[in-house]
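Worksheet: the structure to be examined is printed underneath.
The values are calculated or read from the model by the stated rules, or taken from the named source; none is laboratory data. Just so you know, these numbers come straight off a predicted model, no measurement behind them. Neighbour counts are summed over all protein chains in view; Cβ atoms, including those assigned to glycine, are modelled from backbone coordinates with ideal geometry. Each accessible area value is taken on the protein alone, full model and side chains, heavy atoms only, with ligands, DNA and RNA left out. Shrake-Rupley method; radii C 1.70, N 1.55, O 1.52, S 1.80 Å.
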Amino acid sequence: MSAGRQSVFLTGFMAVGKSTVGRLLAHRLGVAFFDLDALVEAEANMAVAEIFAREGEASFREREARALKMAIHHGGGVVALGGGALLGDESRVRIVRAHGRLVCLTASIDALVARLGDATLRPLLAGSPDRRAAVAALLRERAALYEDADLAVDTTDRAPERVAEEIATWIASA
């Protein structure tokens, strides 16, 4: 990555494609890839849904913040943030801004609902009688955070490779 070796942080709603696009982008750029959810799961030795159930969202967010610091400490690269990783924590936003660029991946509500699959694996949606309404509410809650990104890329009906290519082209042109 040319831009001062800064990291690229991918944000966006759950199931928008952060992990898939992140791996492809890191490979394309020849840098490391970090998936915060995977790092948290490895450190906790349990799935995200289990962490939420046993310890609650606050504990998960603390673990997520530690994973973010670890990824940055190890040189960054491409970092897939959890869908709410930056929500309500200005220090994390400052950390991300100080170490790289923020790219928000978006998708239509219909695409997200279709991609989400088993909602029991998504703690913030589990138990919701109307998944579409729950997704829409969370998107409204996070709108300002997502809109603050340096670049937004819609992943609806687009191959992950094309999305990664668009981000890489944007990085190269900066």
> Pairs under 7 Å by beta carbon, first residue farther than 19 Å from Arg142 by Cα in segment 98-126, partner of a type in the set (Val, Ile, Thr) and modelled with pLDDT of 95 or more, six or more apart or different chains?
Replying inline: Gly100/Val8
> What tally of residues in segment 1-13 results from selecting those that are more than 18 Å from Val96 (Cβ to Cβ) and modelled with pLDDT of 95 or more?
Replying inline: 0
> Out of segment 19-45, which residues are small (Gly, Ala, Ser), buried (at least 20 other Cβ atoms within 10 Å of the Cβ) and in contact with an Asp or Glu (Cβ under 8 Å, 6 or more places away or on another chain)?
Replying inline: Gly22
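Name the residues in segment 3-46 that are basic (Lys, Arg) and closer than 14 Å to Ile171 by Cα, would you?
Restricting attention to segment 3-46, the residues satisfying the condition of being basic (Lys, Arg) are 5, 18, 23, 28.
Answer for segment 3-46, where residues must be basic (Lys, Arg) and closer than 14 Å to Ile171 by Cα: Arg5, Arg28.
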> strands (runs of 3 or more DSSP E) wholly in segment 46-160 with at least 2 residues that are within 14 Å of Val16 (Cβ to Cβ), open to solvent by 20 Å² or more (accessible area, probe 1.4 Å) and modelled with pLDDT of 90 or more - which ones?
Replying inline: 151-154
> (1) assigned to a loop (DSSP other than H, G, I, E, B); (2) at pLDDT below 90; (3) crowded, with 17+ Cβ neighbours inside 10 Å: which one isn't true of Val16, the others all being true?
Replying inline: (2)
>> Please verify whether Val8 is outside any helix (DSSP H, G or I) and surrounded by 14 or more Cβ atoms within 10 Å (Cβ to Cβ), treating the condition exactly as stated.
In response: yes
> Restricting the first residue to segment 51-70 and requiring it to be over 11 Å from Ala85 (Cα atoms), which pairs with a second residue that is of a type in the set (S, T, N, Q) and open to solvent by 20 Å² or more (accessible area, probe 1.4 Å) meet a Cβ separation below 8 Å and a spacing of at least six or different chains?
Replying inline: Ile51/Ser59
